[in-house]
């Protein structure tokens with residue numbers, strides 16, 4: 001099947017405007033991050049391309065409301081084939097996760113479509129999505145997490161980048177930040193740093209993260225070389241790359257990838273694993289689950305509860321303490 005590369009001109013003006021308004025709604029009301037918003041819009045664009053190629057003529061709101069379940073099933077199968085063709089080594093689970101997200105994106109668009117045009121299509125909601133395996137977070141051990149910042153940074157030859165990496169990876173483990181939250185920090189936030197850091201997380205949700213002295217110190221050390229004269233604009237990036245632009249996630253991911261290979265660690269040892277380690281180690285040392293939820297910025301406690309399954313040591317100790325047969 002030949003898929004047109006430019007779907008929007010083949011949509012009716014009304015449907016094209018609806019697609020654009022949906023994007024604005026996702027950004028302003030749902031407060032999706034720019035990257036997530038872009039992914040959702042691209043998912044729906046790809047679906048529209050498929051429908052236009054599978055069905056002759058243009059696509060308008062009336063026709064969109066009458067699409068039936070078979071065409072949605074064909075679209076989902078096409079998405080799976082496209083992902084596999086792009087990278088034959090992609091795991092089945094990764095393909096299923098890609099399908100699930102694209103189905104979620106299209107359902108979101110159809111919900112908005114129904115709200116705006118009072119035209120519904122139940123077929124997309126009757127479509128069964130892929131069944132995903134629930135994977136548990138895989139944290140590092142306390143020893144590995146504590147040594148990670150220095151061991152990763154020592155690979156750099158530039159002294160400034162050494163200090164940068166120590167500060168960055170100390171922040172990921174010591175405060176449980178997402179990599180995107182860390183690299184989006186600005187100079188002004190670190191200049192005025194005391195014992196807490198104001199973080200803008202997923203969905204533009206704001207939270208206060210307390211910082212230990214062991215985390216603050218490397219941040220201050222890096223600030224001295226990043227802005228020695230205290231003359232940079234407060235909105236300048238705090239973490240920067242070798243060329244001076246805001247640090248890209250791929251650079252941090254590559255640094256940790258090279259470290260884990262040398263250390264003989266599994267592929268799950270990524271920057272995000274330091275966030276998992278932060279939560280798991282807090283829980284294993286007695287922290288309250290609600291407190292961990294707030295520190296991580298989870299909207300739902302269910303997202304945080306998964307760490308109780310990871311903390312096998314505490315589970316075993318609870319079983320020994322509470323079960324009648326354990327005595």
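Only helices (runs of 4 or more DSSP H) whose full extent lies in segment 121-178 are considered here, and the ones with at least 3 residues that are within 22 Å of residue 254 (Cβ to Cβ) and at pLDDT 95 or above are 142-153, 159-175. Looking across segment 30-84 at every residue that is at pLDDT 90 or above and outside any helix (DSSP H, G or I), the one that is surrounded by the most Cβ atoms within 10 Å (Cβ to Cβ) is identified as 67.
Of the residues that make up segment 5-17, is at least one without any contact (Cβ under 8 Å) to a residue 60 or more places away in the chain and under 26 Å from the mean Cα position of the chain (by Cα)?
Initial filter on segment 5-17 (without any contact (Cβ under 8 Å) to a residue 60 or more places away in the chain): 5-17.
Remaining after also requiring under 26 Å from the mean Cα position of the chain (by Cα): none.
No; the residues of segment 5-17 include none that is without any contact (Cβ under 8 Å) to a residue 60 or more places away in the chain and under 26 Å from the mean Cα position of the chain (by Cα).
Here is a check on your reading of the model: is residue 223 over 23 Å from the mean Cα position of the chain (by Cα), crowded, with 16+ Cβ neighbours inside 10 Å, within 22 Å of residue 160 (Cβ to Cβ) and modelled with pLDDT of 95 or more? It is true that residue 223 is over 23 Å from the mean Cα position of the chain (by Cα), crowded, with 16+ Cβ neighbours inside 10 Å, within 22 Å of residue 160 (Cβ to Cβ) and modelled with pLDDT of 95 or more. If the condition is being in a loop (DSSP other than H, G, I, E, B) and at pLDDT 85 or above, then segment 100-120 contributes only 120. Just one of the numbered conditions (1) in contact (Cβ under 8 Å) with a residue 12 or more places away in the chain; (2) out of contact with any helix residue (DSSP H, G or I) (no Cβ under 8 Å at 6 or more places or on another chain); (3) crowded, with 18+ Cβ neighbours inside 10 Å is not true of residue 306: (3).
The values are calculated or read from the model by the stated rules, or taken from the named source; none is laboratory data. Bear in mind that the values here come from a model prediction, so they are computed numbers and not experimental data. Counting neighbours? That spans all protein chains shown, and the Cβs are built from the backbone with ideal geometry, glycine included.
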